[in-house]
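Below: the structure, in structure tokens.
The values are calculated or read from the model by the stated rules, or taken from the named source; none is laboratory data. Because the structure is a prediction, the values reported are computed rather than measured. Every residue, glycine as well, gets a Cβ built from its backbone with ideal geometry; the counts of neighbours run over all protein chains shown. Please note that ligands, DNA and RNA were not included when accessible areas were found on the heavy atoms of the full protein model with its side chains. Shrake-Rupley method; radii C 1.70, N 1.55, O 1.52, S 1.80 Å.
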Amino acid sequence: MGLHDMETMRQIVQTMKDIDPNIFIYGEPWTAGDTPIDPTVKGKQKGEGFSVFNDHFRDALKGPWYNTDPGYIQTSKGSDKVRPGIKGSIKDFTQYPYESINYVAVHDGRTFWDQLNASTKDSNFTRIELIAMNKLAAAILFTSQGVPFIHGGQEMLRTKFDSHNSYNQPDEINKIRWQWKKDNMDVFKYYQGLIKLRKEHPIFRKTDPKDIEQNLHFLDFIGSHSPHTTISYILNRGNSDDSWEKVLVFINPNQHNVKFRLAAGNWNVVVDNKNAGIKTLYKMNAKEIELPPISCFVLWK
């Protein structure tokens, strides 16, 4: 999309909206090189009626696509760079949260599973921990404001056998092997539950930036561990017309358990390290909650 000038993009948006005002337009704000036009780059979409891929959020979560530098998911470092993405990047480059396409992997670069392996090859992470990282990233994406995007096969640990750029490579590299779904059904079910959670609860899909500012609050009271490595926030219903009044999201990317202080009241856990969805897994009514390593919990009341 970076190779379209802004006037062209405005005409595209207007033409498509005239056909169907509910149509959703998004693109890759990248020019691939020098261009003589006024390119459509990230930030120029503000208020123009179309959306762009959010590489700021992507890089913060798992590292850039062009090398194997790790991100927050693998290292627990850089939570300050993750937080803007959770709020739909309304204080970064968007005017409205739905202008941000939130993702960790797409057609370019390694698959997410390959990137997790490549970026942790000098560490002692187990396969179970790498799977936990995949699920943690998914939980963050599907509970963040903006528009979640997953790469085909990400939900079944798809590999391209560490290929970094497979556009000119054969099916043997690019094809999806459905055995992966059978082998990784727990991961598939986790993604399926997160999709259901987001579809049925508009509290995660706010459209008004003011509603986000007034109703999404990061919490700084975090147990006995460093607040720089974990993220917790409360999300109020606001203008979303959700059946849930409040949601708590706790994120622990560390390799050790972390205790979070829990706001007073009866809370329903719908996402933990093993399951995700809209059904209450168990209830909490305590002063704190302890998250296992590399996990995200979602609670509501």
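Loop-located chymotrypsin sites (Phe, Trp or Tyr not before Pro) in segment 175-273 (DSSP state not H, G, I, E or B) with no more than 12 neighbouring Cβ atoms inside 10 Å: W178, F221.
Coupling constants for segment 62-75 follow from the phi torsions by the Karplus curve (6.51 cos²θ - 1.76 cosθ + 1.60, θ = phi - 60°), and in residue order they are 10, x, x, 6, 8, 8, 10, 5, x, x, 4, 4, 8, 10 Hz; glycine and proline get x. I'd like the distance between the alpha-carbon centres of segment 234-262 and segment 77-103, rounded to an integer number of Å. So the separation of the two Cα centres works out to 17 Å. Only one item in (1) 1.73; (2) 1.01; (3) 1.10 matches Cα Rg over 2.2 N^0.38 Å derived from the coordinates shown, and that item is (2).
At R0 = 22 Å, how high is the FRET efficiency between L281 and R83 if r is their beta carbon distance? Nearest 0.05 is fine. Numbers along the way, then the final one.
Working: r = 26 Å, r/R0 = 1.19.
Rounded to the nearest 0.05, the efficiency is 0.25.
Using 0.36 nm per residue and subtracting the Cα-Cα separation, the extra length available between Y167 and H256 on full extension is 28.1 nm. For the listed peptides 205-212, 278-285, a ranking on the average number of other beta carbons within 10 Å per residue, highest first, reads 205-212, 278-285.
When segment 196-301 is described by a simple charge dipole with +1 on each Lys and Arg Cβ and -1 on each Asp and Glu Cβ, the residue from H256, T280, C296 located farthest towards its positive end is T280.
Considering only protein heavy atoms and a 1.4 Å probe, what is the carbon-and-sulfur percentage of the accessible area of segment 71-193?
Values: 2610 of 5230 Å².
Solvent-exposed carbon and sulfur of segment 71-193 make up 50 percent of the total.
As I understand it, the dipole of segment 72-112 uses +1 on the Cβ of Lys and Arg and -1 on the Cβ of Asp and Glu, about the Cα centre. Which of T111, T75, S100 lies farthest toward its positive end? Of the listed residues, the answer is T75. Long-range amide H contacts for W30: which residues qualify at under 5 Å (H placed 1.01 Å from N, peptide plane, sequence gap of 5 or more or a different chain)? Those lying under 5 Å, H to H, from W30 are G2, L3. Bridging of K283 to aspartates and glutamates at a Cα separation below 14 Å is possible for D272, once same-chain residues fewer than 8 apart are set aside.
Could you report segment 151-301's accessible area per residue, 1.4 Å probe, as an integer in Å²? Write out the running numbers ahead of the final one.
Details: 7630 Å² over 151 residues.
Counting only protein heavy atoms, the per-residue value for segment 151-301 is 51 Å².
Annotation: the antiparallel percentage among DSSP beta bridges lying fully within the chain is about 80. Straight-line cross-link reach from K279 at under 24 Å between alpha-carbon atoms covers these lysines, not counting any fewer than eight positions away in the same chain: K135, K181, K182, K189, K196, K199, K206, K246, K259, K287, K301. Hydrodynamic analysis of segment 154-261 uses the Kirkwood radius over alpha carbon pairs. Inserted into Stokes-Einstein at 37 °C and 0.692 mPa s, it gives a translational diffusion coefficient of 189 µm²/s. Once you divide the Cα radius of gyration of segment 1-159 by 2.2 N^0.38 Å, the number left is 1.10.
Each residue of segment 77-89 was assigned a 3J(HN,Hα) from its phi angle through the Karplus curve 6.51 cos²θ - 1.76 cosθ + 1.60 (θ = phi - 60°); the sequence is 10, x, 4, 5, 7, 7, 4, x, x, 4, 8, x, 6 Hz, with glycine and proline shown as x. Other residues with beta-carbon under 11 Å from the beta-carbon of I289 carry, at +1 per Lys or Arg and -1 per Asp or Glu, a net charge of 0.
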